[in-house]
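The values are calculated or read from the model by the stated rules, or taken from the named source; none is laboratory data. All of these numbers come straight from a predicted model, not from anything done at the bench. Neighbour counts are summed over all protein chains in view; Cβ atoms, including those assigned to glycine, are modelled from backbone coordinates with ideal geometry.
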Amino acid sequence: MRPRRARRPVVAALTVAASLALAAPAFGHAVVSPPVAEPGTLQVFTLSVPTEREDRLTTSIELTVPKGFAIDSFAPARGWRRRVSSTGSGETAVVNRVTWAGGEVPTEEDAVFQFNATPSSAQTYTFKVRQTYDDGSVVDWDGSETSDTPAPVVEAKSLGGGSSSTVAIVALIAGTLGILFGLMALLSARGGRPVT
């Protein structure tokens, strides 16, 4: 009976650690979400870029758009000016680069921008993001997945009728449930006493 009781906290701790490990890649990096999208479907995407430097402000974000990822329109970003570089004109215009400037995002907060776009085909789209701080220093989010500054990636593939928002919601719920079950197991192992 005693050894089984001793295993409960270990299992609970591993469950919590696994849940956090699955969620970890979403924090502390520039990301475009949802990370999985339906090709040929217009949907809302969000670019989120963290201000990681202590006592500094993010003042400019530049997004380079990969070929075949068609941005249709932008949501207003309060406090920011937007400059769009594109080829062509009118309805055939193709957005190549977007720069948001004039805003100020402090340490441990994210600069967040939204746009409607359509990934044209089933493939992986890799974005480049250039972040400028108020002291003129620059962070280029264009590295490999294992680097300190990985490039944001969106994988366009058929979702079998489910929308990308549904996939994101299911993933969020699964992660939250994993954490809750881990904490419940930890409380149960401690005989119902609060964790201190």
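Structure summary
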quantity	calculated
Every pair of residues 6+ apart whose Cβ atoms lie under 7 Å, when the first sits in segment 73-87 and is at negative phi while the second is of a type in the set (A, V, I, L, M) and part of a strand (DSSP E or B)	80/101; 81/101; 82/98; 84/95; 84/98; 86/94; 86/95; 87/94
Residue list for segment 59-116, filter: in a strand (DSSP E or B), farther than 18 Å from residue 30 by Cα and small (Gly, Ala, Ser)	70, 73, 85, 86, 102
Positions within segment 22-56 being part of a loop (DSSP other than H, G, I, E, B), crowded, with 20+ Cβ neighbours inside 10 Å and at pLDDT 95 or above, in sequence order	30, 34, 38, 51
Complete set of residues in segment 73-92 that are at pLDDT 95 or above, closer than 26 Å to residue 40 by Cα, surrounded by fewer than 12 Cβ atoms within 10 Å (Cβ to Cβ) and among the charged types (D, E, K, R)	83
Pair list, Cβ under 7 Å, 6 or more apart: segment 132-145 residue surrounded by fewer than 10 Cβ atoms within 10 Å (Cβ to Cβ), other residue at pLDDT below 95 and not in a loop (DSSP other than H, G, I, E, B)	none
